[in-house]
Amino acid sequence: MQTFQNQLLILSDNIEKVIVGKKEVIDLALITLLCRGHLLIEDVPGVGKTMLARSIANSLALRFKRVQFTPDLLPSDITGVSIFNQKAGEFEFKPGPIFTNILLTDEINRATPRAQSSLLESMEELQVTADGKTYRLPSIFMVIATQNPIELQGTYPLPEAQLDRFFMRIKVGYPSIDQEVRVMEMQIKAHPIHSVAAVMTEEELRAIQSAVTQVYIEKSVKEYIAKLVDATRQHPDLILGASPRGSLGLMRASQALALLKHSDFVEPSMVKQVAKPVLAHRMIVKPQSKLKGGTEEKVIEEVLNRIPVPVEK
């Protein structure tokens, strides 16, 4: 475990060369990667959403592709298309950008629901079906999607089924004054993204992903997770609570956080730390509750304060 933890520290420090002063954001992104999940970054323009995705890809010896989502984007622009080969006398499948390790889908909510739905199968089953044939994706496959929550004109909100496929939804946030000055100093001559080199191989990443599942989690902590998720389903301010996929995600994210924190087991405080980014996007607040200032994050906070934390036996 110590070797894995040292490798993760090196990886985190490498990404922080580009994403300054956002240690918690980097950790959440790495947790998603270690749990073989997909990441939705929702924030205003210019805070480093795309750079976070690129710095993760550059820090790993993995393939990286980017798709700019627009209203005229077709599913075949993402998955690929069959083209007739006159010499062979048959159709040949030309893989799209989805056949990679890390796929950045920029401004995902600008594409139509038809284009968005082309990601559903790949995000859940690591495969693409085109023209009646199924093609496998790489075993390491991560979608990092970005969207702007402020500008709503010309956008198509992600449906619940699509949101539930994302392991976490995070925000980058504005830097502090000192951090912003440091960012300017770093980019006087060139952007630091060009100097970020790979510090972890694909084989090393696979080994760490397997190690996450070996982190011990006591039964009482699993029950605590189940109670938290069940409380969202019965909360009066919600139309829709978190799904069972949310319970599994919360458990796995807690295990990955324990590994990052050099711990051999999951503590309830770790569950609390990842609850909002794992669960908030899987819930829907009632319109009347929204008018009173209710949000998914506030509901989770209230549930965390209400459900008793298991004590060590």
Which condition does residue 221 not pass, out of (1) under 23 Å from the mean Cα position of the chain (by Cα); (2) surrounded by 13 or more Cβ atoms within 10 Å (Cβ to Cβ), if it passes all the others?
(1)
If you scan region 6-36, which residues turn out to be small (Gly, Ala, Ser) and surrounded by 21 or more Cβ atoms within 10 Å (Cβ to Cβ)?
29
Considering only residues that are charged (D, E, K, R) and free of Cβ contacts under 8 Å to residues at least 40 places away in the same chain, which ones fall in region 115-135?
121, 125
Using the structure shown, decide if residue 88 is over 28 Å from residue 56 (Cα atoms) and either part of a helix (DSSP H, G or I) or assigned by TED's automatic domain parsing to the domain that holds residue 63 (or both).
yes
Mind checking which pairs have a first residue in region 82-103 that is surrounded by 15 or more Cβ atoms within 10 Å (Cβ to Cβ) and a second that is basic (Lys, Arg), Cβ under 6 Å, 6 or more apart or different chains?
97/65; 100/63; 100/65; 101/63; 103/65
Take residue 139 and decide whether it is surrounded by fewer than 12 Cβ atoms within 10 Å (Cβ to Cβ), in contact with a Leu (Cβ under 9 Å, 6 or more places away or on another chain) and farther than 24 Å from residue 272 by Cβ.
yes
Say we look at region 34-82 and pick out the residues that are in a helix (DSSP H, G or I), closer than 21 Å to residue 94 by Cα and not charged (D, E, K, R); which of these is farthest from the chain's Cα centre (by Cα)?
76
Could you please let me know if residue 107 is out of contact with any Ser or Thr (no Cβ under 8 Å at 6 or more places or on another chain) and acidic (Asp, Glu)?
no
How many of the residues in region 239-264 are in contact with a strand residue (DSSP E or B) (Cβ under 9 Å, 6 or more places away or on another chain) and among the aliphatic types (A, V, I, L, M)?
4
Here is a check on your reading of the model: is residue 126 within 30 Å of residue 59 (Cβ to Cβ) and in contact with a helix residue (DSSP H, G or I) (Cβ under 7 Å, 6 or more places away or on another chain)?
no
Has region 171-193 got any residue that is buried (at least 19 other Cβ atoms within 10 Å of the Cβ) and not aromatic (Phe, Trp, Tyr)?
yes
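The values are calculated or read from the model by the stated rules, or taken from the named source; none is laboratory data. Values in this document were obtained by computation on a predicted structure and should not be read as measured data. Cβ atoms come from the backbone with ideal geometry, glycine included; neighbour counts cover every protein chain shown.
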